[in-house]
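Accompanying notes for the structure given below.
Every read-out reported here was derived from the displayed coordinates using simple, explicitly stated rules and does not represent laboratory data. Please read all numbers here as calculations on a predicted model, not as lab measurements. Neighbour counts run over all protein chains shown; Cβ positions are idealised from the backbone, glycine included.
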């Protein structure tokens, strides 16, 4: 982004110098951001709703991980609706969590993933209140401290900068939009972690972070969810985790709002059965369709999460997207 602006060319020889005019305007367009991984625990395991399945980091993680519903665990439903969830009760010691193969390519001009967005629908019981709760560990060897936390005062962040309140005994949607390329303070190279709770931006952290690409918060091919090297973990229930391959705009995350029993919006996929196209999407938002990708877009289905379309003729092109408010 720092290279955006007006450019000209100066040509010179023994006769003189000529400068091109008018200047050419260069606009840097961010690459599109897509969901590359989502995990909704719909089938009582670590299977992905989109992307690669999560993996247990070691057998000890598997032994304390269970699956059920909000009803079977006797915890609050999400907006009054029961939903499948994952539950873990980690020990007060080093704990490896879950391997998340996020599916994103290196970006931001580095060799690692330097721009990404992580969103969690999570519930911490009363017994987890007042403790450190790791959300992300970028050190896949798990030999250093975790990299995103809920702290004992229930704020979210890292490096002594914690914002908002994650109350115990309630479902919350936590979102972190991370950009290590340095675009928050004009031309200064200042990484940023934008932080949201239930669709409300609670912080825009630009201090306490590594300066430069491929630093502490950048990702290799995978990272660890909920892991920490020295026991800064706690019991939790998780309904949905979503990873996107770039920093989401504030307005996009704000529009997602709080947690939903139909999981985090943004994932969409399709398959073909007996000549019909079956489209499935998450989040309890309407499905929109268009004849060309530039629109106009119109609502074609409600919030049920599945839509069947039979092309006629079979070569007819259609485009679909979940409608984010």
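Cut-off is 10 Å between beta-carbons; in what order do 86, 280 appear when sorted fewest neighbours first?
Ordered from fewest to most neighbouring Cβ atoms within 10 Å, 86, 280 come out as 280, 86.
How much mean residue ellipticity at 222 nm does the chain get from its helices, if each DSSP H run of length 4 or more adds -39500 (n - 2.57) and you divide by all residues, to the nearest 500 deg cm²/dmol?
Using -39500 (n - 2.57) per qualifying helix, the result is -1000 deg cm²/dmol.
Can you give me the relative contact order of the range 1-112 as a percent, contacts being Cα pairs under 8 Å and 6 or more apart?
Relative contact order here is 22 percent.
Starting from the coordinates of the alpha-carbon atoms of the chain, obtain the Kirkwood hydrodynamic radius over all distinct pairs and give the value in Å to one decimal.
When all Cα pairs of the chain are included, the Kirkwood radius is 21.4 Å.
Using a Förster distance of 35 Å, how high is the FRET efficiency between residue 62 and residue 204, based on the Cβ-Cβ distance and rounded to 0.05?
With R0 = 35 Å, the Cβ-Cβ based efficiency is 0.40.
Along the Cα→Cβ direction, 7 angstrom out, place labels at residue 168 and residue 278. What is the inter-label distance in nm?
4.3
In percent, how large is the relative contact order of the chain, given Cα pairs closer than 8 Å and 6 or more residues apart?
Relative contact order, the chain: 19 percent.
Based on a Kirkwood Rh over C-alpha pairs, give the Stokes-Einstein translational diffusion coefficient of the range 122-218 at 10 °C and viscosity 1.306 mPa s in µm²/s.
113
What FRET efficiency would be calculated for the residue pair residue 47, residue 25, taking the C-beta separation as r and a Förster radius of 45 Å, to the nearest 0.05?
So the FRET efficiency works out to roughly 0.40.
Stretch residue 11-residue 249 to full length: gain in nm at 0.36 nm per residue minus the Cα-Cα span?
My answer for the length gained is 81.6 nm.
Once the piece of chain linking residue 76 and residue 144 is laid out straight, how much longer is it, given 0.36 nm per residue of separation minus the C-alpha distance between them?
Full extension of this stretch gives 21.1 nm more.
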